[in-house]
Amino acid sequence: MEIYHHAALSQKRWGGQPEDYFDIHGLIDSTKVLCSDNRHRVLHTIWAVKEVVIPVFGEVMTNQDGRSVDVKALCEKDHLLVDYQHRFIPTLGDFVEAMDDIPDNGWVKRLERFHTDVVQDAAWSARLMSPLAATGKLKSLLLTHNSWFINSILPKIGGSTPLWMDFDIAPSLFFNAMRFELWMDNGVDYPASARNMVKIRVNSSDVALERV
């Protein structure tokens, strides 16, 4: 779904004008410039809402009607769930599990060197390390330890300026290592994080039938 249509959903739910919401929905879909298929949806996760969207726009935004809008609820209801047919919201771990493992040929040192070269304060460090905290997988750090995150995302959050340098790691390394899975295709299938939810729904239906 294109940004305008997401913004129209937000207007219908929260009031204001569609343009009130363009920047939020645009940020969620900004990874389209990095990957041309639905593997790009790595920002369609609660990790991204917490670590990227809310740091940029705040917990609450005010639309042109003067109404306060919960940014997390807006992201979930008008974008993330919509793009997955209201079935689930994938976790960052779902995307990371679809990635090939990083070969053990100096990659850890390469990531450490990147971190040392670009991190300028503790807040930056915590944000760049947050994928590892969320998934437990070193390969997840390719999402934040790259030229796009440093020169596009961090400046939007504030407190940083783009770095004029050749970067050792590009965002393509993250997406090229990821295989396409059906759940990424508008919720055709369920990711691992949502499969237990499907079982619960099935069991609940069974119980309801037994009661009838």
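The values are calculated or read from the model by the stated rules, or taken from the named source; none is laboratory data. Keep in mind it's a predicted model, so treat the numbers as computed, not measured. All Cβ positions, even for glycine, are placed from backbone atoms using ideal geometry, and neighbour counts span all protein chains on display.
Taking region 105-137 as the search range and keeping residues that are in contact with a helix residue (DSSP H, G or I) (Cβ under 6 Å, 6 or more places away or on another chain) and not in a helix (DSSP H, G or I), which one is nearest to Lys77 (Cα to Cα)?
Lys137
Can you find, within region 170-210, the residue that is surrounded by the fewest Cβ atoms within 10 Å (Cβ to Cβ) among those that are farther than 18 Å from His40 by Cβ and modelled with pLDDT of 90 or more? Write out each step before concluding.
Restricting attention to region 170-210, the residues satisfying the condition of being farther than 18 Å from His40 by Cβ are 190, 192-210.
From what's left, modelled with pLDDT of 90 or more: 190, 192-194.
On the way: Tyr190: 18, Ala192: 14, Ser193: 17, Ala194: 18.
So, considering only residues that are farther than 18 Å from His40 by Cβ and modelled with pLDDT of 90 or more, the one surrounded by the fewest Cβ atoms within 10 Å (Cβ to Cβ) is Ala192.
Report, ordered by the first and then the second residue, all pairs with beta carbons closer than 6 Å, sequence separation of six or more or different chains, a first member in region 178-197 that is over 17 Å from Thr135 (Cα atoms), and a second member that is among the small types (Gly, Ala, Ser).
Arg179/Ala98; Glu181/Ala98
Limited to region 37-88, what total is found for residues that are in a helix (DSSP H, G or I), free of Cβ contacts under 8 Å to residues at least 60 places away in the same chain and over 25 Å from Met178 (Cβ atoms)?
Residues meeting the conditions: 4.
Please tell me if Ile102 is part of a loop (DSSP other than H, G, I, E, B), at pLDDT below 90 and hydrophobic (A, V, I, L, M, F, W, C). It would help to see each step written out before you state the result.
Details: part of a loop (DSSP other than H, G, I, E, B): yes; at pLDDT below 90: yes; hydrophobic (A, V, I, L, M, F, W, C): yes.
Yes.
Pick out the one residue from Leu132, Leu163 that is farther than 16 Å from His44 by Cα, hydrophobic (A, V, I, L, M, F, W, C) and modelled with pLDDT of 95 or more.
Numbers: Leu163 fails: modelled with pLDDT of 95 or more.
Among Leu132, Leu163, only Leu132 is farther than 16 Å from His44 by Cα, hydrophobic (A, V, I, L, M, F, W, C) and modelled with pLDDT of 95 or more.
If we scan region 139-148, do we find a residue that is charged (D, E, K, R) and farther than 22 Å from Ser36 by Cβ?
At the first step, the residues of region 139-148 found to be charged (D, E, K, R) are 139.
If we keep only those that are farther than 22 Å from Ser36 by Cβ too, we end up with none.
No - not one qualifying residue is present in region 139-148.
List pairs: first in region 106-124 and surrounded by 14 or more Cβ atoms within 10 Å (Cβ to Cβ), second assigned to a helix (DSSP H, G or I) and not hydrophobic (A, V, I, L, M, F, W, C), Cβ under 9 Å, 6+ apart or cross-chain?
Trp107/Lys139; His115/Ser125; Val119/Ser125
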